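To keep things clear, I will list the structure first and then write my remarks on it.
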Amino acid sequence: MVKRFDPELIPPFPTLDFEKDQWQRGCYIVAGLDEAGRGALAGPLYAAAVVLPFDDPDLEKELLGVRDSKQMTPFEREQMAPIIKAVAVDFAVDWVEAGEIDNLGMAKAGRLVFQRAIKGLKQPPEHLLIDYFRLPEVAIPQTSLVKGDQRSLSIACASVLAKQTRDQYMLEVSDEFPAYHFAQNKGYGSPEHLQAIDEMGLCLLHRHSFCDHLLQGRLFD
């Protein structure tokens, strides 16, 4: 039987407890990983990897306010993203396109986007802290954390960079596909987005495997 996660383990803000545990073991290049856009109907899936400095005593103060990106407002994410980039010793953001998700399936595409983010770092990490997932294809020691973006500061930083970069992309492409309201819904299934799909069909940014499944389900509701 899988042991249930105790919500009381979630601190008020993400901490450096997991990072410090690795730093004390001599692993100084610890990368936090998180993704953004898994449940969207359109647009790429993004992931970020963030390596925080092990020798900055003011790190938690400098990154105060960083938490799970879903708990932050767009303004807060916009404000904190450049601070994270300035404080981090290394970071990378990468993505998989909607077509890759359709071809590979979300499980494989999700692991692939993490691998791309890791490869984008200047130095290979010595340890990975990942929100929920494990990467069996990656030969780097790793810790999978339930609610990792609420418990680990480096994962929370990755969460912010992944979501901020993806949201910015969806804003930029919204003018090309105005009928789908991507500037507002960021590719997720809002009522306006679903109505646009009903009226206009799918565009190049849509994940056909997601949308086809959704539309089939609605036919039988």
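Summary table
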{"read-out": "Members of region 16-54 found to be acidic (Asp, Glu) and either in contact with a helix residue (DSSP H, G or I) (Cβ under 9 Å, 6 or more places away or on another chain) or within 30 Å of Arg207 (Cα to Cα) (or both), listed by number", "value": "Asp17, Glu19, Asp34, Glu35"}
{"read-out": "Within region 128-162, tally of residues that are of a type in the set (S, T, N, Q) and surrounded by fewer than 24 Cβ atoms within 10 Å (Cβ to Cβ)", "value": "4"}
{"read-out": "The listed residue being touching a residue at least 24 places away in the same chain (Cβ under 8 Å) and farther than 18 Å from Met80 by Cβ, out of Glu192, Glu126", "value": "Glu126"}
{"read-out": "Scope region 1-26; condition surrounded by fewer than 16 Cβ atoms within 10 Å (Cβ to Cβ), assigned to a loop (DSSP other than H, G, I, E, B) and modelled with pLDDT of 95 or more; matching residues", "value": "Arg25, Gly26"}
{"read-out": "Cross-chain or 6+ apart pairs with Cβ under 6 Å, region 145-169 first and farther than 21 Å from Tyr28 by Cα, then open to solvent by 10 Å² or more (accessible area, probe 1.4 Å) and assigned to a helix (DSSP H, G or I)", "value": "Val160/Arg77; Val160/Met80; Gln164/Arg77"}
{"read-out": "Some residue of region 156-168 being under 30 Å from Met200 (Cα atoms), modelled with pLDDT of 95 or more, hydrophobic (A, V, I, L, M, F, W, C) and assigned to a helix (DSSP H, G or I)", "value": "yes"}
{"read-out": "Count of region 178-221 residues which are modelled with pLDDT of 90 or more, in a helix (DSSP H, G or I), surrounded by 11 or more Cβ atoms within 10 Å (Cβ to Cβ) and more than 23 Å from the chain's Cα centre (by Cα)", "value": "7"}
{"read-out": "Pairs, first closer than 23 Å to Ile130 by Cα and at pLDDT below 95 in region 56-75, second among the acidic types (Asp, Glu) and not in a loop (DSSP other than H, G, I, E, B), C-beta under 6 Å, six or more apart", "value": "Asp68/Asp149"}
{"read-out": "Any hit, region 85-108, residues being assigned to a helix (DSSP H, G or I), touching a strand residue (DSSP E or B) at 6+ places or on another chain (Cβ under 7 Å), open to solvent by less than 80 Å² (accessible area, probe 1.4 Å) and among the small types (Gly, Ala, Ser)", "value": "yes"}
{"read-out": "Near pairs, Cβ below 7 angstrom, 6+ apart or cross-chain, from region 14-28 (farther than 17 Å from Glu62 by Cα) to any residue that is open to solvent by 30 Å² or more (accessible area, probe 1.4 Å) and of a type in the set (Ser, Thr, Tyr)", "value": "Phe18/Thr143"}
{"read-out": "Failed condition for Arg111, given (1) open to solvent by 10 Å² or more (accessible area, probe 1.4 Å); (2) touching a residue at least 40 places away in the same chain (Cβ under 8 Å); (3) of a type outside the set (A, V, I, L, M); (4) farther than 23 Å from Ile84 by Cβ", "value": "(2)"}
{"read-out": "Failed condition for Tyr132, given (1) over 17 Å from Ala117 (Cα atoms); (2) in contact (Cβ under 8 Å) with a residue 12 or more places away in the chain", "value": "(1)"}
{"read-out": "Per-region count, region 27-62, residues among the hydroxyl-bearing types (Ser, Thr, Tyr) and surrounded by 18 or more Cβ atoms within 10 Å (Cβ to Cβ)", "value": "1"}
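The values are calculated or read from the model by the stated rules, or taken from the named source; none is laboratory data. Since the model is a prediction, treat every value here as computed from it, not as a measurement. Cβ coordinates were reconstructed from backbone atoms using ideal geometry, including for glycine residues, and neighbour counts include every protein chain displayed. Please note that ligands, DNA and RNA were not included when accessible areas were found on the heavy atoms of the full protein model with its side chains. Shrake-Rupley method; radii C 1.70, N 1.55, O 1.52, S 1.80 Å.
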